[in-house]
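Encoded as C-alpha cells, the structure appears first; notes follow it.
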Amino acid sequence: MIDANMIVNCTVYKKGKKLRDITLDEISDVLEEEGTFVWLGLLEPNVELMNKIKEEFCLHELAVEDAYAAHQRPKIEEYGDTLFVVLHTAQLSGGEVQFGETHILTGPRFVVTVRHGASRSYAKVREHCEMLPERLGRGPSFVLYAIMDFVVDNYRPIMDDLEAKFTQYEAQLFDPAANTGKAYLQELYQLKRQLIRLRSAASPLLDVCTQLLRFHEGLITKEGKAYFRDIYDHVVRFIDTGDRLREMVESAVQINLAQVTIHQNEIVQTLAGWGAILAIPTMIFSLYGMNFANMPGLSWQWSFPVVLVGIFTGCSLLWRRLRKAGWL
C-alpha cells in the first residue's frame, strides 16, 4: 500500500517554470510532452511505491533496488541514460550529529530524490530553483547541482559546531581545575569519531563531482559543469578543515594522556618521598625492637630524647631536600 506521506512532492516543469503538481499515474503521460521534466521527492518509500516509480520512469531494476535500500555508500552509477547518485546527509540535533542518506535518480527528463534517515527537507531547494527560471530551464542537471550544493552546505554548520567544541576543550587543556580523566578523553574521542564520519560522507563527493565534470555530457551541459566544479572546491575546503581539526584533536588526546601520566608520576614521587622520610624512624624503631640483651644506650637516661631528636632532625633534613627537588 502506498502511503501519501511518502510522496513529498511531484511537480512538472517546462522551460524553467512550474506548470503544476501531478499524481504518480500522470508521470508517464507528462514525460511524453516536449520540453517538460518531472521532479519527484520521496521520503522513505516502501516497495510498492518504488515499483510504481520504476514503471512510470522506466528505471533499471538495480537502480530502484539501491534507491530503496538504505546504508549505501556515497557514489555515482550509470544505468543507461539514468544516473544514480547517493549522498550522505548530516544535521545537528540536540548537539549531536545525525546522519542520513539521499538517493537521486536523474535522467534527461526527470529527477527523483529518495530520503532516508536524518535529512532536511528539500522544500527550500525547490523554492530556490523556482526563483531562478533561467537556470532551472537547464533541466535536471541544475536540480542535481542544487541538491548536492544544499547537502554540502549543511556540512559547514556541523564543522563550525565541532570547531567550537574543540576550542572549549583546548581552553581547558592546560587548566589545572579542568577534568583530565576518562570523561575528557571520551569527549575528544567522540569528536574525532564525528570528524571521521563527516569525512567519510564528504570525500566520495570528490569522485562524484569528477565523474560529472568528465563524463555524462548528455545530462550535464558545459555551463552546468562550472557549478559542479564549485561543489568540488567546497568539498576540498571542507575536507582540509576537517583534517586539520582531526590532527589537532589527536594532538589534544596525546597531550591529555601526557598530563595524566605526569600527574600520576607526581603522585608516585610524593608517595616515594614520604616513604623515604618514614623509613628513618621505621629503621631506628626496628633496631630497638630487636630485644637484644646488650644494646648501647639503653641504660642512659637521655637516650630516648636523643633518639627522638635524631629522628626529627633526619626527617626534617630529608623533607627539606625532597621539597627543594620538587618531590613534595
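The values are calculated or read from the model by the stated rules, or taken from the named source; none is laboratory data. Predicted model only: the values in this text are computed from it and were never measured. Every residue, glycine among them, receives a Cβ derived from its backbone with ideal geometry; neighbour counts consider all protein chains shown. Ligands, DNA and RNA are excluded from the accessible area calculation, which covers all protein heavy atoms including side chains. Shrake-Rupley method; radii C 1.70, N 1.55, O 1.52, S 1.80 Å.
Solvent exposure of segment 264-325 amounts to 83 Å² per residue of accessible area, where only protein heavy atoms count and the probe is 1.4 Å. The angle between the Cα long axis of helix 222-288 and the longest principal axis of the Cα atoms of the chain comes to about 10 degrees, rounded to the nearest 10.
One entry in (1) 19.7; (2) 26.8; (3) 17.2 is mean projected area of the Cα convex hull in nm² calculated from the shown coordinates; its label is (2).
Solvent-accessible area of the chain (1.4 angstrom probe, protein heavy atoms only): carbon and sulfur portion equals 55 percent.
Summing charges over neighbours of LEU62, with a neighbour being any other residue whose Cβ is under 14 Å away from its Cβ, gives -3 when K and R count +1 and D and E count -1.
Each peptide in 301-310, 47-56, 101-110, 79-88 was scored by the mean count of other Cβ atoms within 10 Å over its residues; highest first, the order is 101-110, 79-88, 47-56, 301-310. A simple spin-label model places the labels of HIS216 and GLN254 4.1 nm from each other, with each point 7 Å out along Cα-to-Cβ.
Cα centroid distance between segment 97-156 and segment 233-249, in Å? Computed from Cα coordinates, the inter-centre distance equals 24 Å.
Between helix 204-214 and the chain, what is the angle of the helix's C-alpha long axis to the longest principal axis, kept within 0 to 90° and rounded to the nearest 10? For 204-214 against the chain, the angle is about 30 degrees. The listed residues CYS58, CYS315, once ranked by accessible area (1.4 Å probe) with the largest placed first, stand as CYS58, CYS315. Segment 192-221 and segment 308-328 have Cα centres separated by 68 Å.
Placing ARG156, ARG126 in order of accessible area, with the largest value first and a 1.4 Å probe, yields ARG156, ARG126. Relative to the longest principal axis of the Cα atoms of the chain, helix 303-325 runs at roughly 30 degrees. Extending 7 Å from the Cα toward the beta-carbon at both CYS58 and LYS124 defines two label points whose distance is 3.8 nm.
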